[in-house]
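The structure under discussion appears below in the form of structure tokens.
The values are calculated or read from the model by the stated rules, or taken from the named source; none is laboratory data. Quick caveat, the model's predicted, so the values are computed rather than measured. Positions of Cβ are generated from backbone atoms using ideal geometry, with glycine treated the same way; all protein chains shown enter the neighbour counts. Keep in mind that these areas ignore ligands, DNA and RNA; they rest on the heavy atoms of the full protein, side chains included. Shrake-Rupley method; radii C 1.70, N 1.55, O 1.52, S 1.80 Å.
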2 protein chains.
Amino acid sequence: MRLHGYFRSSAAWRVRIALNLKGLSAEHVFHHLRHGEQRAPDYLRLNPQGLLPALELDDGSVITQSLAICEWLDENHPEPPLLPGGALERARIRAFALAIACDIHPVQNLKVLARLRAMSFPEEEVTGWARTVIQDGMEACEALLQGGEGPFLFGGSPTLADLCLIPQIGNAKRFGCDLSGLTRINAAARACADHPAFIAAAPENQPDAE
Amino acid sequence: MRLHGYFRSSAAWRVRIALNLKGLSAEHVFHHLRHGEQRAPDYLRLNPQGLLPALELDDGSVITQSLAICEWLDENHPEPPLLPGGALERARIRAFALAIACDIHPVQNLKVLARLRAMSFPEEEVTGWARTVIQDGMEACEALLQGGEGPFLFGGSPTLADLCLIPQIGNAKRFGCDLSGLTRINAAARACADHPAFIAAAPENQPDAE
């Protein structure tokens, strides 16, 4: 398998964690997002959305969208499960992951902020936009947990929810959000910080890190 | 089951289609998005994100996020499948659904446009923002299909991808996008337009339609 990513891409980071949790290796191909390499014709042939990540399988098939890749990994390599428990538990894990992947990340990603800058938004308002989206979103995510058992978001082992959480916390820090009151989220972040699969997936530990 | 929705909410519309495809009935509770009813304390207790839809189960459990609800419905009521085929086919269907649910809809929804207006963006630029996001996104979605068999997006029956497509086409029309060149998407839209599950789920056929 070849994973097309970028050290700082939140979505590629999720997939790196998933691969590590499953004990799977992949060849990593890096595309520099800030240099626009995801819009190069060769990459657009793989993923017409021009977004990272994309997973190229050995037979040449390509899977796009980080959560679709994670679900595929979970179906093909079920242990350890990214979606443990019964259907209701899985639904709650998916809902948490989607609350980040749909309602926070796309509204504060590089593309949207670049669009705001292109429309002559002052830089402090661009940064403020990202900070507000992330702050409000993370507070809602904490409430979605309604307490629950730790140390990870949904119990004793990391799930699809945790692998969405950690890159989003990276963005929260970059934009100066205050997450200090988010007890369950902080507990999960600490548990992930000690987990080898998360450590190996961190941006600063990728070969293309700057 | 009780589905909390709003006739014009794209995400609630997806779930209505899924329920209809499965032949399931639910009590519908409507919350007026433009009046901010999704931020009422009673509703926030159900869904701290303050977003629609939410599915309340008979035992009081609540599932949020339209795609998590659809996956739950598919796990509990497998026929007809929203994610047919093998793991790779399911991954392609999920990727298409996520391309809409993550990369198009959240960047053009009511909340984001209201935020742009609050930052004194001229109305024509707000509308232009939505139109560009949808136009570019739908063209990428067409390319994701790479031809493939119709009449629906992934073959002879509607899937999770189609139930994300149709509400997004509704938004595309509202903002004046030109989808005339999107052959496969238009073919699927025509097939859905004749399908009873899609007809019954349309906004204009809901009791709260204006």
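Brief remarks follow.
- Accessible area expressed per residue, region A:2-80, with surrounding protein chains retained (probe 1.4 Å, Å²): 40 Å²
- Other copies of B:Glu210: label-to-label distances in nm, shortest first, labels 7 Å along the beta-carbon direction: 4.6
- By the compact-protein rule of thumb, 2.2 N^0.38 Å, the alpha-carbon radius of gyration of region A:87-198 corresponds to a ratio of 1.11.
- Take each residue in A:99-111, count the other chain C-beta atoms within 10 Å of its C-beta, and the mean is 5.
- Counting only other chain Cβ atoms within 10 Å of each residue's Cβ, the peptide A:59-72 averages 6.
- Solvent-accessible area buried by pairing B with A, both sides, nearest 100 square angstrom, 1.4 angstrom probe: 3700 Å²
- Rounded to the nearest 20, the Cβ-based charge dipole of region B:52-162 about its Cα centre (Lys and Arg +1, Asp and Glu -1) stands at 360 debye.
- Chain A, helix-only ellipticity at 222 nm - DSSP H runs n ≥ 4, -39,500 (n - 2.57), divided by all residues, nearest 500: -16500 deg cm²/dmol
- Convex hull (Cα only) mean projected area of region A:2-80, reported in nm² to one decimal: 4.8 nm²
- Rounded to the nearest 20, the Cβ-based charge dipole of region A:46-104 about its Cα centre (Lys and Arg +1, Asp and Glu -1) stands at 320 debye.
- 11 Å beta-carbon shell around B:Ala202, net charge (K/R +1, D/E -1): +1
- Label distances, nm, B:Leu24 versus same residue in remaining copies, Cβ-directed 7 Å point: 2.8
- Computed across the protein assembly as shown, the Kirkwood hydrodynamic radius from all distinct Cα-Cα pairs reaches 21.6 Å.
- Cα gyration tensor shape for region B:51-145, rounded if a/c is under 1.5, else prolate or oblate: oblate
- Among B:4-16, B:162-174, B:26-38, sorting by the average number of other beta carbon atoms lying within 10 angstrom of each residue, highest first, gives B:4-16, B:162-174, B:26-38.
- For region A:1-80 and region B:13-40, distance of Cα centres in Å: 34 Å
- Residue mean of other protein chain beta carbons inside 10 Å, A:137-147: 3
- With all protein chains kept in place, the per residue accessible area of region B:81-185 amounts to 36 square angstrom at a probe of 1.4 angstrom.
- P(r) weight above 27 Å for chain A, C-alpha pairs, percent: 29 percent
- Rounded to the nearest 20, the Cβ-based charge dipole of the protein assembly as shown about its Cα centre (Lys and Arg +1, Asp and Glu -1) stands at 600 debye.
- A simple spin-label model places pseudo-atoms 7 Å from Cα toward Cβ; at B:Ser180 and B:Ala193 they are separated by 1.5 nm.
- Shortest-first distances to equivalent copies, position A:Gly85, nm, label 7 Å out along Cβ: 3.0
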